[in-house]
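One structure follows; several queries about it will come next.
The values are calculated or read from the model by the stated rules, or taken from the named source; none is laboratory data. Bear in mind the structure is a predicted one, so any value in this text is a computation, not a measurement. No Cβ is skipped: glycine too gets one built from the backbone with ideal geometry, and neighbour counts run over all protein chains shown. Note: accessible area is taken over every heavy atom of the protein model, side chains too, but ligands, DNA and RNA are not part of it. Shrake-Rupley method; radii C 1.70, N 1.55, O 1.52, S 1.80 Å.
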Amino acid sequence: MTLRPETPNRRIVYSYLVPVHVEVEDGIVADVVVIDETPIRDPTLIEGDGDLLAQAVTDANDGQACPSWRFGY
């Protein structure tokens with residue numbers, strides 16, 4: 001999503017399912033790895049302008065590194 005400096009920032013929040021690798025040792029979750037090479041499919045809009053969702057998904061799929069991972073709510 002290319003924005004011009006005079007254009008207000010537009011926040012889009014969406015969710016989609018990704019595969020994870022979970023290791024459980026003796027009944028305790030020891031490790032969770034998000035397999036982040038998975039293409040975004042069937043995103044669900046959480047917040048923002050739905051008209052911008054397709055462009056936001058295209059931008060997220062362009063190979064840029066994710067800034068961080070956060071688990072839980």
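Residue 53 accessible area, nearest 10 Å², 1.4 Å probe?
The accessible area of residue 53 comes to roughly 30 Å².
Take the Cα pairs of region 20-69, get the Kirkwood Rh, then feed it into Stokes-Einstein at 4 °C and 1.567 mPa s and tell me D in µm²/s.
Estimated via Stokes-Einstein, D reaches 96 µm²/s.
Related question: With the full set of protein chains in place, find how many percent of the accessible area of region 20-69 is carbon and sulfur; take the probe as 1.4 Å.
50 percent
Tally Lys and Arg at +1 and Asp and Glu at -1 over the other residues with C-beta under 11 Å from the C-beta of residue 12: what net charge comes out? The partial results should precede the final answer.
Values: positive: 10, 11; negative: 47, 49, 51, 59.
Around residue 12, the charge tally is -2.
For residue 25, what accessible area in Å² do you get when you roll a 1.4 Å probe over the heavy atoms of the protein chains, rounding to the nearest 10?
110 Å²
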